[in-house]
Amino acid sequence: AMRPSDGPGGDGRRRVVLFPLPYQGHINPMLRLAAALHARGLAITVVHTETRAPDRQKLPGDFDLVTIRDGVAPELAESDDVAPFVLALNRSCAAPFRDYLAGARDVACVVADVDWFAPLGVARELGVKALPLMTSSAAKFRVYMAFPLLEEKGYLPIRESNLDTKVKELPPLLVRDMHHEKDEARYRAYAHLLSNMVSGVRQSSGLILNTLDAIEENGIANIYKDISIPVFAIGPLHILSPSVDSSLLLQDRSCLQWLDAQPPGSVIYVSLGSLMSIDAHELTEIAWGLVASRRPFLWVIRPGLVRGREVSELSIELQEEIRDRGRMVSWAPQQEVLKHPAVGAFLTHCGWNSTLESILEGVPMICRPLGGDQLCNARYVCEVWKVGFRMVEAENQLTRGDVQVAIEKMMGQKEGDEIRERMRDLRDAAAKCTSKGGPTDVSLQRLVGFIVSPYT
Ligand code: UDP
């Protein structure tokens, strides 16, 4: 069958250009969105940086891929200090993206992360609809929008003395849930990025949110109120097209067979995402805590997780203990792991994708947020949805005792059963929201209509 933009003189403007920020947590939702739009008859171009390029082999053959030379130093890309990297990318990618877009045919719109303010600006200048995608929560986007107000009211920059102050404009967040940046120059870079992001979104044609009414109805409604462009809450994007494999690292699928051999609801799945790192001390404490829990666990230790050390340096004694109960992999097929009936809890850093994936599979969370949006996400998990709890406050060192106590609490009856019951209810509400004719589905249909409508 001919796609609308096939052939010379096709009926035009039905190609969507999607440009993910080069992080695993951004590439995953963007490529799922690409596949969902493709399934609804739109032609797809994925523009990507040289840094962390997605694997062409794994993407549908009729996606066009366009590489942008970003010229950003690899050290900057690997650092978990995000703002300088994202600002550098915006500076270096705007001109090549303009060259590409000016020559592209039939483009109905450009979808890019809210962080990609320069390419979104290029689209607007060239008269192409710009649709920013917020890959994290509505709550976090509200923090971005409120940033100048939070500074004006003295919440920010964060001080030791106000960590426990409630941000009354954004309940239930506390000051300690905001992004921490002790260094003045880095704080300024972050503030600069946010102000570009928010003003870029406000000038765009519409805003896409990777969230859903079932969990963030108020947050979404407040964004509608605060912004004068159409808002499309179409999350969670990971369920739109699970068949797309956008993993940058090779997923070790052998752990699924290992899970098959474990009793239902018994396994603790442990992963701290693709970006954040911990020190060797925390690694050892998590290891001893897991071993002491005497429960089976599946632990993702990706390259670079531990600052300055390799896992093989865990003591022989500890490695033997781990072999008896647990399984370590360098990267897991996380969605399938969370879906597996053997998994009973997720010890997570609360990245937004992980949080959504856990909720949709009904897996309760033991939270260890390490920075960025994870602090805000964990607050919602623990205090709004009450489907998990933290082991310690983010600033505190984690001990093996904290890990062991948390696992006992989660896997045990009293509190554990209450949490599991709430998680089941939340999962059911999310399933209803995302079913055919539910709010997510309706928003997605609205979005497709909006993409193919004429640009005004
Ligand atoms: N992920 C994965 N295998 C792993 C760990 C994580 O495929 O072993 C995926 C996970 O399913 C999620 C993404 O990587 O989609 C991580 O995104 P998230 O927003 O949770 O955290 P970030 O990596 O951005 O901190």
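Every number in this text was worked out from the coordinates using simple rules, so none of it is lab data. Keep in mind that what you see is a predicted model, and the values were worked out from it rather than measured. As a convention, Cβ positions derive from the backbone with ideal geometry for all residues, glycine included, and neighbour counts pool all protein chains shown.
Numerical summary
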{"quantity": "Segment 116-194 versus segment 255-327: alpha-carbon centroid distance in Å", "calculated": "33"}
{"quantity": "In nm, spacing of pseudo-spin labels at E50 and E336 (7 Å Cα→C-beta vector)", "calculated": "3.4"}
{"quantity": "Net charge dipole size for segment 140-278 [Lys, Arg +1 and Asp, Glu -1 on Cβ; Debye, nearest 20]", "calculated": "300"}
{"quantity": "Sorted by Cβ density within 10 Å, fewest first, the residues E181, E393", "calculated": "E393, E181"}
{"quantity": "Förster-model FRET efficiency, 30 Å R0, R325 and A280, C-beta, rounded to 0.05", "calculated": "0.90"}
{"quantity": "Gain in span if fully extended, A95 to R424, counting 0.36 nm per residue against the direct Cα distance", "calculated": "113.6 nm"}
{"quantity": "Helix 82-103 axis, angle to the chain major axis (alpha carbon atoms, nearest 10°)", "calculated": "30"}
{"quantity": "Theoretical FRET efficiency, 1/(1+(r/R0)^6), r = Cβ-Cβ of A39 and D252, R0 30 Å, to 0.05", "calculated": "0.55"}
{"quantity": "Cubic angstrom per residue, convex hull over Cα atoms of segment 1-156", "calculated": "128"}
{"quantity": "Sorted by Cβ density within 10 Å, fewest first, the residues V231, V337, V110", "calculated": "V231, V337, V110"}
{"quantity": "For segment 69-141, the spread of Cα positions along each principal axis, largest first, Å", "calculated": "37, 33, 15"}
{"quantity": "Nearest 10 degrees, 0 to 90: helix 439-452 Cα axis against the chain principal axis", "calculated": "30"}
{"quantity": "Partner lysines for K225 [C-alpha distance under 20 Å; skip if fewer than 8 residues away on the same chain]", "calculated": "K140, K168"}
{"quantity": "Cα gyration tensor, segment 336-408 - rounded (a/c under 1.5), prolate or oblate", "calculated": "oblate"}
{"quantity": "Estimated distance in nm for a label pair at V66 and D226, the labels positioned 7 Å out from Cα along Cα-to-Cβ", "calculated": "3.2"}
{"quantity": "Gyration tensor (Cα) of the chain, equivalent ellipsoid semi-axes in angstrom", "calculated": "36, 25, 22"}
{"quantity": "Ranked by how many other beta carbons lie within 10 Å on average, peptides 63-71, 399-407 from highest", "calculated": "399-407, 63-71"}
{"quantity": "C-alpha long axis of helix 24-39 to longest principal axis of the chain, angle in °", "calculated": "50"}
{"quantity": "Ranked list, fewest to most other Cβ atoms within 10 Å of each Cβ, for S277, S195", "calculated": "S195, S277"}
{"quantity": "Per-pair calculated FRET efficiency, R0 = 25 Å: V392 and D80 via Cβ, rounded to 0.05", "calculated": "0.80"}
{"quantity": "Space enclosed by the convex hull of the alpha-carbon atoms of segment 306-456, per residue, Å³", "calculated": "179"}
{"quantity": "DSSP-assigned coil residues among trypsin sites (Lys or Arg not before Pro) in segment 139-168, each with at most 10 further Cβ atoms within 10 Å", "calculated": "K168"}
